[in-house]
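Okay, structure first, notes after.
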Amino acid sequence: MNATLRVGVELFNAGEFFEQHEVLEELWRDERDPVRRELYQGILQVGVGFYHLQRGNYHGAVSLLERGLARLEKVPKDAEGIDVAALYLAARAARDRIIELGPHRLDRFDRGRIPRINWLRSPA
C-alpha cells in the first residue's frame, strides 16, 4: 500500500480537501500506471469538488465532482483496495443533491452526505 495514498485518503476523510489535493496531486503526477492515475485523479477531483462546496462555489463543486466521477467510473470498483463503487455512488448522490439545491441554497446541503473513502482491505 502506498503511504502517500493512505495519507491522501485520511485527509479526504477528515474533510481536509485542499490538503488531500496537494498530497494526491503529487502521487498522481508521479504515477505511470493508467488505472492508478485515473483513481488518484478521480479521488483528487471529487475532493476538490467538496472543497468548492465548502467555499460556496456551486459551479466549481458540480464541475469538479462530475470530472472526478467520470474518472472513477473508469477504474475497477476495488482499485488499490478502495471501495471505489461506494465512493462513486455517494459522490454522485451528493452531486445530484447539490444540483437540486442550486447555487443559492448550497447552505442547505447536509455535510453528512459528503462521502468517506472506505478500504476494502486494510491498508498496510
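The values are calculated or read from the model by the stated rules, or taken from the named source; none is laboratory data. All values derive from a computational prediction rather than experimental measurement. Cβ sites come from the backbone with ideal geometry, for glycine too, and all protein chains shown count toward neighbours.
Checking each residue in segment 77-93 for being in a helix (DSSP H, G or I), in contact with a helix residue (DSSP H, G or I) (Cβ under 8 Å, 6 or more places away or on another chain) and surrounded by fewer than 17 Cβ atoms within 10 Å (Cβ to Cβ) picks out only ALA93. Taken over segment 1-29, residues that are over 17 Å from ALA79 (Cβ atoms) and either outside any helix (DSSP H, G or I) or aromatic (Phe, Trp, Tyr) (or both) amount to 5. The C-beta contact set for segment 1-22 (first residue more than 13 Å from VAL48 (Cα to Cα) and without any contact (Cβ under 8 Å) to a residue 60 or more places away in the chain, second residue part of a helix (DSSP H, G or I) and of a type in the set (Asp, Glu), distance under 8 angstrom, 6+ apart or interchain) comprises THR4/GLU26.
Scanning segment 94-110 for residues that are in contact with a Lys or Arg (Cβ under 7 Å, 6 or more places away or on another chain) and in a helix (DSSP H, G or I) yields ALA94, ARG97, LEU101.
Is segment 56-76 home to any residue that is among the hydroxyl-bearing types (Ser, Thr, Tyr), modelled with pLDDT of 95 or more, assigned to a helix (DSSP H, G or I) and within 11 Å of the chain's Cα centre (by Cα)?
Within segment 56-76, the subset among the hydroxyl-bearing types (Ser, Thr, Tyr) is 58, 63.
Next cut, modelled with pLDDT of 95 or more only: 58, 63.
Then drop every residue that is not assigned to a helix (DSSP H, G or I), which leaves 58, 63.
This time we only want the ones that are within 11 Å of the chain's Cα centre (by Cα), so: none.
No; the residues of segment 56-76 include none that is among the hydroxyl-bearing types (Ser, Thr, Tyr), modelled with pLDDT of 95 or more, assigned to a helix (DSSP H, G or I) and within 11 Å of the chain's Cα centre (by Cα).
One line per residue, one yes/no per condition, for (1) touching a Gly at 6+ places or on another chain (Cβ under 7 Å); (2) closer than 23 Å to GLU22 by Cα:
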| residue | (1), (2) |
| --- | --- |
| VAL46 | yes, yes |
| VAL62 | no, yes |
| GLU66 | no, yes |
| LEU69 | no, yes |
| LYS77 | no, no |
| ALA85 | no, no |
| ALA94 | no, yes |
| ILE98 | no, no |
| PRO115 | no, yes |
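In the list ILE43, ILE99, which residue meets the criterion of being crowded, with 19+ Cβ neighbours inside 10 Å and among the hydrophobic types (A, V, I, L, M, F, W, C)? Break it down stepwise before answering.
Numbers: ILE99 fails: crowded, with 19+ Cβ neighbours inside 10 Å.
Selected residue: ILE43, the only one of ILE43, ILE99 that is crowded, with 19+ Cβ neighbours inside 10 Å and among the hydrophobic types (A, V, I, L, M, F, W, C).
For segment 60-76, a residue qualifies if it is crowded, with 17+ Cβ neighbours inside 10 Å and of a type outside the set (D, E, K, R), and the qualifying residues are ALA61, VAL62, LEU64, LEU65, GLY68, LEU69, LEU72, VAL75.
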